[in-house]
Each structure stands twice: as C-alpha cells, then as structure tokens.
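Note sheet for the following structure.
The values are calculated or read from the model by the stated rules, or taken from the named source; none is laboratory data. None of the values given here were measured: they were computed from a predicted structure. Virtual Cβ from ideal backbone geometry, glycine too; neighbours counted across all protein chains shown.
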Amino acid sequence: LEAHVIAAYHRHMDRPRAADPTYGGSLAGLRLANALEAAGLEIVRAGPAVWDTRQTDQAIAGPLLDRMIRFVVESLLDLGEPLAKAIGRWETSRRALLDGDQLSLRVRHLDLLARRPA
C-alpha cells in the first residue's frame, strides 16, 4: 500500500503538467535547472535540501505532520486512486503512528542558485 500511495501522490503532483508543460511537478528541481540554463542563466550552486521532521518537537512537528497526512489524503482522493478504502487504511495507520509519537517526515528538494553570467 505504501508504494502505491507514494506513486499516486507523485502522479497527482504531475497532473498540472498536462495543461502547463512549464509546471515542474515532482521533478521540478531538475526541470528548473535546465530551464534556467536554457534562459541563459548560470547555475552557481545546486544541492539537496532535506526537511527531516520528527515528532519530538511537538509544537512544530505535530501540526506539520497532521497537515501532511491531510494533504496526501486530499490529493489521493482528488486523483481517485488508490481506492478510498485503501486511502482510509493508510490514513488510519499514519494517525496511529502520529498519536504514538512514532511518525516522521523526510522531504527532499533540490535547491538552486542561479545568476546572469558576469
């Protein structure tokens, strides 16, 4: 179920590309680097940025993790897959982890710094 949820979430992120090919979607950082270079800009720095959120910081992590669960659920329901019953099972399992202070979130981004050539 986990792999299906992740794959469906990425498909949801990529849907706007059908109407707007300039939309980055799940690979925005990679597409942005090429677009910046094509526009004549120089990539000065490129590197990973990782958000690593753990439940130990309740004041920040609790609301963030709760919102991410809701966002994933809403995205999957909007996409229509997996089936609503499976989405409910996934949400229930995540909420149990959240309630037990066992849930963490790791989000990886690609940060870019670009400039006009000197």
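Residues that are modelled with pLDDT under 95 and either closer than 30 Å to residue 40 by Cβ or not hydrophobic (A, V, I, L, M, F, W, C) (or both) within region 88-112 comprise 99, 100, 101, 102, 104, 106, 108, 109, 110, 111, 112, listed in sequence order.
Of the numbered conditions (1) of a type in the set (A, V, I, L, M, F, W, C); (2) within 16 Å of residue 110 (Cβ to Cβ); (3) in contact (Cβ under 8 Å) with a residue 60 or more places away in the chain; (4) surrounded by fewer than 12 Cβ atoms within 10 Å (Cβ to Cβ), residue 1 satisfies every one except a single condition; which is it? Unmet for residue 1, out of (1) of a type in the set (A, V, I, L, M, F, W, C); (2) within 16 Å of residue 110 (Cβ to Cβ); (3) in contact (Cβ under 8 Å) with a residue 60 or more places away in the chain; (4) surrounded by fewer than 12 Cβ atoms within 10 Å (Cβ to Cβ): (2). Restricting region 59-104 to residues that are of a type outside the set (D, E, K, R), out of contact with any Leu (no Cβ under 9 Å at 6 or more places or on another chain) and in contact (Cβ under 8 Å) with a residue 24 or more places away in the chain leaves a set whose member that is surrounded by the fewest Cβ atoms within 10 Å (Cβ to Cβ) is 102. Each residue in region 8-45 was checked for being in a loop (DSSP other than H, G, I, E, B) and over 15 Å from the mean Cα position of the chain (by Cα), and 7 pass.
Considering only residues that are part of a strand (DSSP E or B) and of a type in the set (Val, Ile, Thr), which ones fall in region 61-118? Before you say what the answer is, go through the steps one by one.
As a first pass, look at region 61-118 and keep what is part of a strand (DSSP E or B): 104-115.
Across region 61-118, the qualifying residue is only 107.
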